[in-house]
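Quick notes on the structure that follows.
The values are calculated or read from the model by the stated rules, or taken from the named source; none is laboratory data. A quick note: this is a predicted structure, and the numbers were derived from the prediction, not measured. All Cβ positions, glycine included, derive from the backbone under ideal geometry; neighbour counts span all protein chains shown. Surface areas here come from the heavy atoms of the whole protein model, side chains and all, with no ligands, DNA or RNA. Shrake-Rupley method; radii C 1.70, N 1.55, O 1.52, S 1.80 Å.
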Amino acid sequence: MASLFSSPLSSRSLSLVINLFFIFLIYLHFASPNPPHSSSTKSLNSLGVNDNESCSDGLAALEDHRSKCSYIISQSKCAPQGYIDYLKIFFCVFGQSPVLGHLVLCLWLFVLFYLLGDTAASYFCPSLDKLSKVLKLSPTMAGVTLLSLGNGAPDLFSSVVSFTRSNNGDFGLNSVLGGVFFVSSFVVGTICLLIGSRDVSIDKYSFIRDVVFLLVALCCLGLIVFVGRVTIWVSLCYLSIYLLYVGFLSVSLFLDRKKPISHQILRTREDLAEMGVPLLSYIGEEKPVPPQKVAQESRTQEQEFKIVVLDLPKTQPSCFSVLVSIIGLPLYLPRRLTIPVVCEEKWSKPCAVVSTAIAPVLLTELYCAHYNGSKRNLIMYILSGVIGLFFGILAFLTTENSRPPKKFSLVWLLGGFTMSVTWTYIIAQELVSLLISLGNIFGISPSVLGLTVLAWGNSLGDLIANVTMAVNGGNDGAQIALSGCYAGPLFNTVIGLGVPLLISSLAEYPGVYVIPSDNSLLETLGFLMVGLLWALVIMPKKKMRLDKLVGGGLLAIYFCFLFLRLARVFGVLDIDR
């Protein structure tokens, strides 16, 4: 998603708007009024509000914004799932101007999507890329493990947050399935329509393998949803589907090595393509870069990061760029000063020292957010501060100003990976909290917002990257795009849902985790599998050409499902299920 704002002027302008809005929202959070609790309780009792109702139903029973403001303050079930109380901001600050409140929350929703994508692209994926090289993983194994994790990080952490923090398992299920449905139907259908007249075909073996594994995963997930009870062993068996996929792919790669070298080179690129868009960095490594150019770029970018606080361009400095950099500090500095970055282009010893010192404190804050004991929190903060001070001194003594550390590089990469995971989790938690709050404001089930808004937002990068690659990359580009449209959703379906199910079942041990009842989940799975079966049947008949018939059918299935779901939500259709 960060690639949408690649031009310097657009990125700086966007950064200015985003950070001004961030400061404004924080101000609203702390400036919102707190009406007296006793009087609010009396007014709510006089209106006959039932304490056993959900937050959304309770708000729907009230009319004026003052009573709604009192209600959300007095009811713990309306408490925010993240760090910002969006319901309090909407009803207590913008109660008299709800249109402005809707605008502010929708803008902040865009900011959170941007931050989630930017954190994954700028910190999470580079650390995974470096880890795969340090661990000397083959491109194929890196694609199905670390790099697939980087591509599916937003969906994975949004799902984990919905299961663990917000107790809305149906929200997480719908968001992941909505993203899988969007990519495998809408994105594939769009690609087929755009290049259907070019007579482009893809590899039959790779296509059938990915689609069949995805269908198997969806069938197992449908059985789990139908039963509604998940144990540790069930979740582990479900996660093993991806291990089988990795093993099957490894065996295929081993057999391919016996082929002639000339064909082996071509298969290497195809194997990279089969893993999806994140492997484009590996494809780029086939083209050698002159050492002089690398050294020159490294020196130039190193000089830029000599300035710790301001990330300013060296050419044509202007007051506007300086202003943007200063205002951008609230969003840039917290991540830059807590995530260790050890790549040549972004290396800065002061930032590295500070990040190793502050990172333990941030981890403690994330852990202590689950507890209310102030004494226990204080002890943990002091302990984490001492540990951070030790790591900071150690980093200062063992690093150089000119280049990142060569020794213990794996430790630095694991630290960067851990902190990028932490920030991705924090942003995903805030995103889920905002969507749940919007569901309470509009009276819409959060699972519907997860199926649409969250799924579309997390899949926007896949739409742009895969369509662009298919349109401009010829046959190889089409192979990359289609493989990414099925291998990526397979990872999100198995890992993105299997990990939250495992965490939830572990939390309920020795009991079982009960999946929230939502009949629409089986409906979503049904439409999703129909789309996959359509592609699996029609594509071989068309000799694996990306035909417009395939694309038209996939788009028709997706829009039919979307119309039925939204029509039922808004009361246009009343179908007994």
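Determine if segment 229-244 includes at least one residue that is of a type outside the set (S, T, N, Q), at pLDDT 90 or above, under 25 Å from PRO540 (Cα atoms) and more than 22 Å from the chain's Cα centre (by Cα). So far as segment 229-244 goes, yes, one or more of its residues are of a type outside the set (S, T, N, Q), at pLDDT 90 or above, under 25 Å from PRO540 (Cα atoms) and more than 22 Å from the chain's Cα centre (by Cα).
Here's the yes/no breakdown for (1) of a type outside the set (Gly, Ala, Ser); (2) farther than 15 Å from THR493 by Cβ:
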position: GLY152; (1), (2): no, no
position: ASP170; (1), (2): yes, yes
position: VAL176; (1), (2): yes, no
position: SER197; (1), (2): no, yes
position: CYS220; (1), (2): yes, no
position: VAL246; (1), (2): yes, no
position: PHE254; (1), (2): yes, yes
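Figure legend. Inter-residue proximity from segment 77-105: first residues more than 21 Å from SER162 (Cα to Cα), second residues among the charged types (D, E, K, R), beta-carbon distance below 7 Å, spacing 6+ or different chains. Indicated pairs: PHE91/LYS68; GLY95/ARG66.
Being more than 15 Å from ARG66 (Cα to Cα) and more than 25 Å from the chain's Cα centre (by Cα) is the filter; apply it to segment 79-100 and report the residue that is surrounded by the most Cβ atoms within 10 Å (Cβ to Cβ).
Step one: list which residues in segment 79-100 are more than 15 Å from ARG66 (Cα to Cα), which gives 79-86, 99-100.
With more than 25 Å from the chain's Cα centre (by Cα) added as a condition, the list becomes 99-100.
Details: VAL99: 8, LEU100: 12.
For segment 79-100, the residue satisfying everything is LEU100.
For segment 396-454, the set of residues classified as more than 22 Å from PRO80 (Cβ to Cβ), of a type in the set (Phe, Trp, Tyr), surrounded by 19 or more Cβ atoms within 10 Å (Cβ to Cβ) and touching a helix residue (DSSP H, G or I) at 6+ places or on another chain (Cβ under 7 Å) consists of PHE417 only.
Rundown of residues vs (1) among the hydroxyl-bearing types (Ser, Thr, Tyr); (2) closer than 19 Å to GLY416 by Cβ; (3) modelled with pLDDT under 85; (4) touching a Leu at 6+ places or on another chain (Cβ under 7 Å), yes/no style:
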residue: GLU302; (1), (2), (3), (4): no, yes, yes, no
residue: ASP311; (1), (2), (3), (4): no, yes, yes, no
residue: PRO330; (1), (2), (3), (4): no, no, yes, no
residue: CYS351; (1), (2), (3), (4): no, yes, no, yes
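The residue list LEU103, LEU87, LEU20 contains one member that is assigned to a helix (DSSP H, G or I) and at pLDDT below 85, which is LEU20.
The criterion of at least 2 residues that are in contact with a Phe, Trp or Tyr (Cβ under 7 Å, 6 or more places away or on another chain) and surrounded by fewer than 22 Cβ atoms within 10 Å (Cβ to Cβ) is met by the following helices (runs of 4 or more DSSP H) wholly inside segment 161-235: 204-227. Going by the conditions given, is LEU105 touching a Pro at 6+ places or on another chain (Cβ under 6 Å) and either open to solvent by less than 10 Å² (accessible area, probe 1.4 Å) or more than 30 Å from LEU249 (Cα to Cα) (or both)? Answer is no for this residue. Looking only at helices (runs of 4 or more DSSP H) that fall completely inside segment 432-513, which ones have 3 or more residues that are farther than 15 Å from SER159 by Cβ? Output list reads 455-472, 474-508. Residue check: SER70 meets all listed conditions (1) over 20 Å from the mean Cα position of the chain (by Cα); (2) modelled with pLDDT under 80; (3) buried (at least 22 other Cβ atoms within 10 Å of the Cβ); (4) of a type in the set (Gly, Ala, Ser) but one, namely (2).
Return a yes/no flag: does segment 405-417 have any residue that is polar (S, T, N, Q), within 16 Å of LEU363 (Cβ to Cβ) and under 30 Å from the mean Cα position of the chain (by Cα). Even if it seems obvious, please write down each step before you answer.
Restricting attention to segment 405-417, the residues satisfying the condition of being polar (S, T, N, Q) are 409.
With within 16 Å of LEU363 (Cβ to Cβ) added as a condition, the list becomes none.
Checked segment 405-417: no residue is polar (S, T, N, Q), within 16 Å of LEU363 (Cβ to Cβ) and under 30 Å from the mean Cα position of the chain (by Cα).
Of the residues contained in segment 525-536, none is found to be touching a Ser or Thr at 6+ places or on another chain (Cβ under 8 Å), more than 22 Å from VAL216 (Cβ to Cβ), at pLDDT 85 or above and of a type in the set (A, V, I, L, M, F, W, C).
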